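Every number in this text was worked out from the coordinates using simple rules, so none of it is lab data. In this text, all values refer to a predicted model and were calculated from it rather than measured experimentally. For neighbour counting, all protein chains shown are included, and Cβ atoms are generated from backbone atoms with ideal geometry for every residue, glycine included.
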Amino acid sequence: MLGDKKVLFSGMQATGNLTLGNYLGALKNWVTLSDEYECFYSVVDMHSITIRQDPAVLRKRARTLLTLYIAAGLDPEKNCIYYQSHVSGHAELAWILNCFTYMGELNRMTQFKDKSVNAGLFTYPVLMAADILLYQADVVPVGIDQMQHLELTRDIAQRFNGIYGDVFTVPEAYIGKVGAKIMSLQDPAKKMSKSDENPNGSIYLMDDPDTIMRKFKRAVTDSEGQILYRDEQPGIKNLINIYCACTGKAPDEVVREFDGRGYAEFKPAVGEAVVSVLKPLQDRVEELSKDKAYIDSVIKNNAEKAQYFANKTLRKVQKKVGFPERIR
Ligand code: ATP
Ligand code: LTN
């Protein structure tokens, strides 16, 4: 708890171009939850370098992502929006937690996929645990793909508490009802991903309206011809999910709305719903990006705020594990 509010932590990597999946699965929920919780939203740039990055590109993307958090509706006066690399406690706590995590646990994680693995990528879930535990977060809104990392975070926290007493809050995942897993428009069996090599499978948050409409018109569906919300029609089910997440409607409402109408009508309707969500977001990013001094002040003030809370937990943990006290 911070004051009378529970604490929320979440983060996104500044790697690749953000997709509609990132927005509907994560960012949109962040905004909904931001009034109820004391929130920390990080641009997790330290996670990004587990895969080789061009320094100039990473710096630019990190700033765009931070701007996007604000553009999406997160007020930086009320929410702590900051770069992970500006708060040294993340790395310091990650080191300590590495010593409380088993190789076997990390071997079971899927973050490597088919990538050639450096030690940073291998211990990536421990850095994520450190992010969350550092702020004593009660809740962590993420897409379903991050569930196993959340489970590991809870295991590490419970293990540590079991040895040293109640040091960490054990966090809960928050998975949104709609948008938890947005699938590729070209292959509804795969999640929409910013690392997909086929750009037609993903809607990027910065895609212009024509591109968005074109991608939806080309979306892979089936030959059933009916708009029904069921697993046998994964392409249509995904489009219904996207439509619901963008309009606030429920799936059965959408099925009724499009009863007797074909895919040729439904696909552009989904495209339009997406454009009406993304266009204002894009305009706001552009507008905010022009105000360099404002964004700089957000970066500075929030890093200081995050550092303050991070240090409180870190000092407690350092003491528990037996590091010598600082002499003032
Ligand atoms: P990649 O697509 O390259 O695997 P990523 O988009 O999963 O990367 P992040 O940027 O760290 O990686 O993800 C940020 C958030 O977006 C996470 O909470 C994740 O669960 C969510 N997310 C990502 N893709 C989707 C998707 N297709 N549907 C719903 N949520 C998603
Ligand atoms: N691993 C996450 C990004 C991430 C995160 C976090 C999410 C890093 N640290 C802490 C929630 C809380 C991802 O790749 N989606």
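Some observations on this one:
- The set of residues in region 161-180 being within 24 Å of TYR243 (Cα to Cα) and either away from ligand 2 (no atom under 16 Å from the Cβ) or surrounded by fewer than 17 Cβ atoms within 10 Å (Cβ to Cβ) (or both) consists of LYS177, VAL178.
- Residues located in region 149-181, provided they are within 14 Å of ligand 1 (Cβ to nearest atom) and in contact (Cβ under 8 Å) with a residue 40 or more places away in the chain: HIS149, PRO171, TYR174, GLY176, VAL178, GLY179, ALA180, LYS181
- Selection within region 133-151 - closer than 27 Å to ASP196 by Cβ and buried (at least 19 other Cβ atoms within 10 Å of the Cβ): VAL140, PRO141, VAL142, GLY143, GLN146, HIS149, LEU150
- Pairs linking a residue in region 24-41 that is closer than 22 Å to CYS246 by Cβ to a residue that is in a helix (DSSP H, G or I) and within 12 Å of ligand 2 (Cβ to nearest atom), with Cβ atoms under 7 Å and 6 or more positions apart or on different chains, are TYR41/TRP30.
- Taking region 194-216 as the range and being under 13 Å from THR19 (Cα atoms), of a type in the set (S, T, N, Q) and in a helix (DSSP H, G or I) as the test, only ASN200 passes.
- The residue that is nearest to ligand 1 (Cβ to nearest atom), among those in region 69-87 that are more than 17 Å from SER289 (Cα to Cα), touching a residue at least 60 places away in the same chain (Cβ under 8 Å) and not in a strand (DSSP E or B), is GLN84.
- Residue count, region 1-33 (criterion: of a type in the set (A, V, I, L, M, F, W, C), in a helix (DSSP H, G or I) and more than 28 Å from ASN200 (Cα to Cα)): 1
- Checking each residue in region 176-193 for being part of a loop (DSSP other than H, G, I, E, B), in contact with a helix residue (DSSP H, G or I) (Cβ under 7 Å, 6 or more places away or on another chain) and of a type outside the set (S, T, N, Q) picks out GLY176, VAL178, GLY179, ALA180, LYS181, ILE182, LEU185, ASP187, PRO188, ALA189, MET192.
- Some residue of region 5-24 being of a type in the set (Phe, Trp, Tyr), more than 11 Å from ligand 1 (Cβ to nearest atom) and out of contact with any Leu (no Cβ under 7 Å at 6 or more places or on another chain): yes
- Total residues in region 34-68, condition assigned to a loop (DSSP other than H, G, I, E, B) and away from ligand 1 (no atom under 12 Å from the Cβ): 8
- Test: residue in region 50-64 that is of a type in the set (Ser, Thr, Tyr) and under 22 Å from GLY120 (Cα atoms): yes
- Boolean, VAL139 is more than 12 Å from ligand 1 (Cβ to nearest atom) and under 16 Å from GLY11 (Cβ atoms): yes
- Taking the criterion of being over 23 Å from the mean Cα position of the chain (by Cα) and charged (D, E, K, R), the residues of region 288-328 that qualify are LYS290, ASP291, LYS292, LYS312, ARG315, LYS316, LYS319, LYS320, GLU325, ARG326, ARG328.
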